[in-house]
Amino acid sequence: MKKYGKSLLAFGLAMVLIGSTTACSMKKGSNGENDTAQGKEQIMFVLDWTPNTNHTGVYVAQEKGYFEEAGLDVKIVQPPEDGAEALIATGKAQFGVSFQDTLAPTYATDSPLPITAVAAIIQHNTSGILSRKGEGIDVPKGMENHKYATWDGMIETAMIQNVVEEDGGDYSKVEMIPSTVTDEYSALQSKQVDCLWVYYAWAGMATKIKGLETDYFAFKDINPVFDYYTPVIIGNDIYLEEHEDTAKAFLQAVKKGYEYAMENPEDAAKILVKQVPELDEEIAIASQQWLADQYQAEAKYWGYIDADRWNAFYEWVSKEGLVEGTIPNNIGFTNKYLTE
């Protein structure tokens, strides 16, 4: 569900573009039209990947009229090849979906991209390693002598090494093969791979519904530092500063959408499938039911980002030398635009 390991080149190119495009893009949309149309403020929201239950609250807000009630005309679009970050950084979109780990390179510089995480879609990291049941990969050490499909990202592989070694395993014995996986069930069932990094809400439910028994362990259960924020909603800094009231209205409407999904997971899943009919409804409902308790968890309200957890992950990234430079504390996120 996540296109991991985006190239640092995308961030560099975005930085080059920012100076020439951001100012005008905040005043006009990508087609040159004014921000307002028929009395509504226009907002483009860029997904991180194909639509799935991570995004349900946004689709609910659209279907239930929460955006319209806030005076907003929101367009939900899928991302370009280089991801939502570049589109938002250059001002061609106002909001979108990203991940704390994906954002790390841009904050380890004197000139970070003008993008800020403004809401946590899911309160805890629900990703981990999925494998066929009974093959010993229910713990990280079990990855030894098994095929793991990797994107070959620096943070990704460092996390795999960390959890394997924390469990007493030998990381050099993990067989890293380039990932070409588009469907987790097929990849595991055919034994193309032995284990995969997945977001359990979708891949875990999909394999279960399709009849494949699996084992799973979550990264956050092995090392608390890996309980970072993934995914998050990000916004363009200039837009946030110049349109604070609109940003708050947008995020409150999104929050209302996720609260509806928490309280009515089956109906929310059906709303998602109505908007995205290519999704499997049975998987969407199961995924939504699993996520209902994960969106907010124990946080004081949906979207809240805990500074200690945010900083702890970036401290680890900096310490391990996974980015060029050091990521300062309290950079890249804010709770300013959401309330209880």
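The values are calculated or read from the model by the stated rules, or taken from the named source; none is laboratory data. If you're wondering where the values come from, they're calculated on a predicted model, not measured in any experiment. Cβ placement follows ideal geometry from the backbone for every residue including glycine, while neighbour counts extend to all protein chains displayed. Accessible surface areas use protein heavy atoms only, side chains included; no ligands, DNA or RNA. Shrake-Rupley method; radii C 1.70, N 1.55, O 1.52, S 1.80 Å.
Structural remarks
- The residue pairs whose first member lies in the stretch 267-285 and is farther than 10 Å from V60 by Cα, whose second member is open to solvent by less than 20 Å² (accessible area, probe 1.4 Å) and assigned to a loop (DSSP other than H, G, I, E, B), and whose beta carbons are closer than 6 Å, counting only pairs six or more residues apart or on different chains, are V276/P51.
- Pairs with Cβ under 6 Å, 6+ apart, first in the stretch 319-330 and within 15 Å of A158 (Cβ to Cβ), second aromatic (F, W, Y) and not in a loop (DSSP other than H, G, I, E, B): I327/Y107; I327/Y314
- Residue check, Y258 buried (at least 23 other Cβ atoms within 10 Å of the Cβ) and in contact (Cβ under 8 Å) with a residue 24 or more places away in the chain: yes
- Residue list for the stretch 42-71, filter: surrounded by fewer than 21 Cβ atoms within 10 Å (Cβ to Cβ), at pLDDT 95 or above and under 15 Å from F95 (Cα atoms): Q42, M44, L47
- Given (1) farther than 19 Å from L103 by Cα; (2) open to solvent by less than 20 Å² (accessible area, probe 1.4 Å); (3) in contact with a strand residue (DSSP E or B) (Cβ under 9 Å, 6 or more places away or on another chain); (4) of a type outside the set (A, V, I, L, M), number of the condition Q288 does not satisfy: (3)
- No other residue among T102, T109 is under 24 Å from E320 (Cβ atoms), of a type in the set (V, I, T) and assigned to a loop (DSSP other than H, G, I, E, B) apart from T109.
- For the stretch 142-180, the set of residues classified as outside any helix (DSSP H, G or I) and over 22 Å from the mean Cα position of the chain (by Cα) consists of E144, N145, H146, K147, D167, G168, G169, D170, V174, E175, M176, I177, listed by residue number.
- The one condition in (1) within 27 Å of Q42 (Cβ to Cβ); (2) part of a loop (DSSP other than H, G, I, E, B) that N329 fails to fulfil: (1)
- Selection count where residues are open to solvent by 30 Å² or more (accessible area, probe 1.4 Å) and either of a type in the set (D, E) or assigned to a helix (DSSP H, G or I) (or both), scope the stretch 266-278: 6
- Selection within the stretch 232-248 - under 30 Å from S127 (Cα atoms) and either outside any strand (DSSP E or B) or open to solvent by 30 Å² or more (accessible area, probe 1.4 Å) (or both): D237, L240, A247, K248
Residue-by-condition table, conditions (1) charged (D, E, K, R); (2) in contact with a Gly (Cβ under 8 Å, 6 or more places away or on another chain); (3) in contact (Cβ under 8 Å) with a residue 60 or more places away in the chain; (4) crowded, with 18+ Cβ neighbours inside 10 Å:
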position: D194; (1), (2), (3), (4): yes, no, yes, yes
position: Y199; (1), (2), (3), (4): no, no, yes, yes
position: A206; (1), (2), (3), (4): no, no, yes, yes
position: K210; (1), (2), (3), (4): yes, no, no, no
position: T214; (1), (2), (3), (4): no, yes, yes, yes
position: F217; (1), (2), (3), (4): no, yes, yes, yes
position: D227; (1), (2), (3), (4): yes, no, yes, yes
position: T230; (1), (2), (3), (4): no, no, yes, yes
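- The stretch 302-322, residues that are assigned to a loop (DSSP other than H, G, I, E, B) and either touching a Gly at 6+ places or on another chain (Cβ under 8 Å) or open to solvent by less than 20 Å² (accessible area, probe 1.4 Å) (or both): W302, I305
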